[in-house]
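Throughout, read-outs are computed from the coordinates displayed, never taken from laboratory work. Please read these numbers as outputs of a predicted model, since none were measured by experiment. Every residue, glycine among them, receives a Cβ derived from its backbone with ideal geometry; neighbour counts consider all protein chains shown.
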Amino acid sequence: MSEASPAFQYATLSQQREAATLGMWAFLATEVLFFGALIAAYSAYRTAWPAEIAAAARHTRVALGAINTAVLLTSSAFMATAVAAEEADRRRPLVLCLLATAVLGLSFIGIKGYEYWLEYREGLVPALNFDFGRYGGIGELFFLFYFFATGLHAVHLTIGIVMVLVLAARIGAGRPPRPPVLRMVGLYWHFVDIVWIFLFPLIYLPGRTG
Amino acid sequence: MHGSPPNYLTARTTIRSWLFSTDHKRIALLYFASITFFFLIGGLAAVLIRLELVTPAADLVLPDTYNRLFTMHGVIMVWFFLVPSIPTTLGNFVLPLMLAARDLAFPRLNLASWYFYIAGGALTVLALLLGGVDTGWTFYEPYASAFSNGYVTLAVLGIFLSGFSSILTGLNFIVTTHKLRAPGMTWYRLPLFVWSLYSTSVILVLATPVLAMTLLMLVAERVLGIGIFDPALGGDPLLWQHMFWFYSHPAVYIMVLPAIGIVSELVPAFARKQIFGYKFVAWASVAIAAIGFLVWGHHMFVAGQSLYASLVFSFLSYLVAVPSAIKVFNWVATLHKGWIRFDAPMLYAFGFIGLFTIGGLTGLFLAALAIDVHVTDTYFVVAHFHYIMVGGSVSAFFGGLHYWWPKITGRLYPEGWARAAAILMFFGFNLTFFPQFVLGWLGMPRRYDAYPPEFQIWHVLSSAGASTLAVAYAMPLFYFFWSLVWGARAPANPWGATGLEWLTGSPPPARNFERTPIVVRGPYDYVEGQPRPQAENV
Ligand SMILES: [Cu+2]
């Protein structure tokens with residue numbers, strides 16, 4: 001397969017690139033509604049039980065969550081730089097940026113896992129060891145949403161990390177993917193980042209003021 | 001096939017070349033075979049339901065079995081027949097042809113979506129074989145998580161998987177319509193079927209993920225025993241209804257918009273006349289898709305939602321009737337002074353227009369707050385949505401199937417038999433479902449296997465209609481297969497239609513067109529009943 005010819009259903013390479021990019025945006029629209037449904041359900045309960053949800057939310061580790069927010073935002077900056085490096089055709093910075101992105105993504109997963117472990121020790125995991133006496137039924141509902149939302153987010157992030165590592169390996173080995181693959185992975189990465197930007201205040205911040 | 005150049009059917013013939021084909025035309029046929037299978041299973045359940053209801057007593061099957069039958073009928077027919085039916089078969093086949101594209105934008109994704117569909121179907125069928133589900137297709141909470149002893153989790157995961165098929169198909173159609181149109185194919189030269197598939201795809205991409213998340217939460221509640229929807233555990237059962245209908249009302253348009261698109265093809269093709277008000281018909285599809293997202297609460301008028309919410313949902317539901325009526329009026333205006341041919345596809349289109357209108361008008365009854373209280377959960381509702389989804393969508397599906405059958409197979413079907421089947425289907429349908437309007441109005445609730453004796457005459461009429469309908473549905477199965485062997489060879493354009501799909505061979509070559517057409521005019525250009533094709537350089 002020569003680098004210059006598009007797949008058979010396309011007339012030109014630029015048409016193929018536009019199609020791939022549009023496909024990614026359509027996929028992200030699906031994802032927005034997927035997470036949106038979860039956030040809507042959670043918000044319904046937050047409105048119905050404001051005091052109970054706030055009390056439960058105080059048991060999350062806001063410091064770790066904040067650090068993770070910074071980690072993920074930084075990773076997105078590296079991802080954006082990687083896209084710029086591809087456009088400028090600079091291979092070394094491109095590979096380094098991708099590696100930095102993946103390492104930060106892995107750090108996020110590591111910190112999140114540490115949080116999960118702390119929560120497990122406190123008896124905060126629904127259906128496993130949830131301590132009703134201390135946190136109550138609505139507390140369990142909150143932590144169900146907490147694990148559901150952050151878990152789904154972590155799954156998405158893990159898929160992103162794998163894609164970024166594969167890209168880095170291929171580019172490092174001198175077999176770069178066709179445009180706009182890197183750009184599409186970048187869009188996906190930023191999307192996963194944005195989901196977290198919504199999850200962080202919704203989950204960690206209720207009940208932190210007053 | 002001696003002497004003729006290879007087409008998409010003859011190019012390669014191994015089983016492998018079918019199961020791993022990325023050709024949109026072959027994938028369409030894979031879907032045809034699969035949805036026919038699911039239609040037969042769903043139909044079998046309907047037969048048993050109608051048999052049980054012939055007598056007032058619950059005497060044919062156990063009450064618990066009856067619950068499983070109507071659940072199986074609903075689940076299979078909605079998610080494994082109606083939702084995929086027109087888009088994945090006829091849409092898959094003709095969308096690239098109508099745009100003069102060589103394939104969809106993402107052919108491998110198209111194949112993957114068929115496998116998702118099959119995997120989902122397999123899980124759901126497994127759930128049915130193991131003993132079934134008794135919740136009804138709506139999986140209302142908290143029954144579905146806390147009380148049902150059926151294989152809810154398995155069936156729900158099957159529906160979840162088939163959702164990927166919906167999403168990927170929608171995504172593929174959207175990108176194809178944006179990026180793979182032939183030179184000269186502007187948006188206002190697109191056939192109306194493309195407009196309706198596009199609107200459908202937007203719903204598939206935006207509504208299906210909400211169902212996916214909702215089903216995941218149901219599985220979480222059922223498996224982990226934590227109250228998301230179960231009030232005994234602190235959950236809110238109304239939340240389930242909101243989230244379920246946020247998908248399932250737009251899903252009605254997933255089922256009927258493609259049908260509307262087919263009828264918009266059939267009416268000008270057989271009236272041999274420019275469609276009346278092209279832009280109105282085109283934008284009406286978009287309007288139906290958009291407003292359709294805002295009306296889900298009309299399923300919850302008696303569920304305890306706020307009266308003010310109900311008022312708004314009622315008003316918005318009336319609003320959907322406007323673009324729907326625009327379509328009906330424009331079809332009728334197109335017929336006015338047309339050179340009408342009464343071939344089988346047109347008979348199905350007529351059937352669609354009549355039944356869709358009755359279904360739509362009775363939908364207005366249900367959108368009215370006071371009347372809805374009287375007929376909620378009665379056979380009136382059952383009759384209403386069968387008029388839309390069976391009388392409407394299935395009629396249009398058969399209309400489109402007859403219309404494009406020569407293109408798909410290269411053979412002509414026997415016209416006389418086809419007309420007979422179309423007419424029988426229309427009468428069988430009305431005989432089945434019109435009595436159900438009466439039953440519902442008289443107060444017969446849905447989902448009951450026993451009823452007071454005074455309702456029996458209406459149930460017997462309905463069951464007699466169902467038998468007629470079964471014969472009418474079986475007929476095409478026979479004469480279509482017959483035509484594959486003995487049917488006359490089809491010319492490229494047997495109907496004298498104007499769309500690009502009629503400019504290539506019947507059946508088309510593997511890459512659709514020998515030479516890419518340059519589109520020079522709109523889709524339904526007839527001068528005094530004579531077609532002027534959309535492109536002339538082929
Ligand atoms: Cu509805």
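The condition of being away from the ligand (no atom under 16 Å from the Cβ) and assigned to a helix (DSSP H, G or I) holds for only one of B:Ala309, B:Ala251, B:Ala282, B:Ala207, that being B:Ala282.
Among the residues of region B:154-173, which ones are within 14 Å of chain A (Cβ to nearest Cβ) and surrounded by fewer than 24 Cβ atoms within 10 Å (Cβ to Cβ)? B:Phe160, B:Phe164, listed by residue number.
Return the residues of region A:92-115 that are free of Cβ contacts under 8 Å to residues at least 24 places away in the same chain and farther than 30 Å from A:Arg175 by Cβ; say none if nothing qualifies.
If the condition is that a residue be free of Cβ contacts under 8 Å to residues at least 24 places away in the same chain and farther than 30 Å from A:Arg175 by Cβ, then A:Gly113 is the only one that fits.
Just one of the numbered conditions (1) of a type in the set (Phe, Trp, Tyr); (2) more than 28 Å from A:Gly160 (Cβ to Cβ); (3) more than 9 Å from every other protein chain (Cβ to nearest Cβ) is not true of A:Trp49: (3).
More than 30 Å from B:Glu528 (Cβ to Cβ) and more than 16 Å from the ligand (Cβ to nearest atom): does that describe B:Gly304? It is true that B:Gly304 is more than 30 Å from B:Glu528 (Cβ to Cβ) and more than 16 Å from the ligand (Cβ to nearest atom).
From the list B:Gly277, B:Gly297, which one is in contact (Cβ under 8 Å) with a residue 12 or more places away in the chain and within 16 Å of the ligand (Cβ to nearest atom)? Outline the logic, then answer.
Numbers: B:Gly277 fails: within 16 Å of the ligand (Cβ to nearest atom).
The conditions single out B:Gly297.
Scanning region A:6-26 for residues that are within 8 Å of chain B (Cβ to nearest Cβ) and either in a helix (DSSP H, G or I) or under 10 Å from A:Met184 (Cβ atoms) (or both) returns A:Gln15, A:Glu18, A:Ala19, A:Leu22, A:Gly23, A:Ala26.
Being of a type outside the set (A, V, I, L, M, F, W, C) and buried (at least 19 other Cβ atoms within 10 Å of the Cβ) holds for only one residue in A:Gly113, A:Gly139, and it is A:Gly139. Among the residues of region B:200-226, those that are facing another protein chain (nearest Cβ under 7 Å) and within 30 Å of B:Ala287 (Cβ to Cβ) comprise B:Val205, B:Leu206, B:Pro209, B:Val210, B:Ala212, B:Met213, B:Thr214.
Screening region B:70-105 for residues that are surrounded by fewer than 24 Cβ atoms within 10 Å (Cβ to Cβ) and under 26 Å from B:Leu123 (Cα atoms) and picking the one that is nearest to the other protein chains (Cβ to nearest Cβ) gives B:Val78.
Looking only at region A:127-151, count every residue that is in a helix (DSSP H, G or I) and over 20 Å from A:Leu38 (Cβ atoms) and tell me the total.
Counting residues in region A:127-151 that are in a helix (DSSP H, G or I) and over 20 Å from A:Leu38 (Cβ atoms) gives 5.
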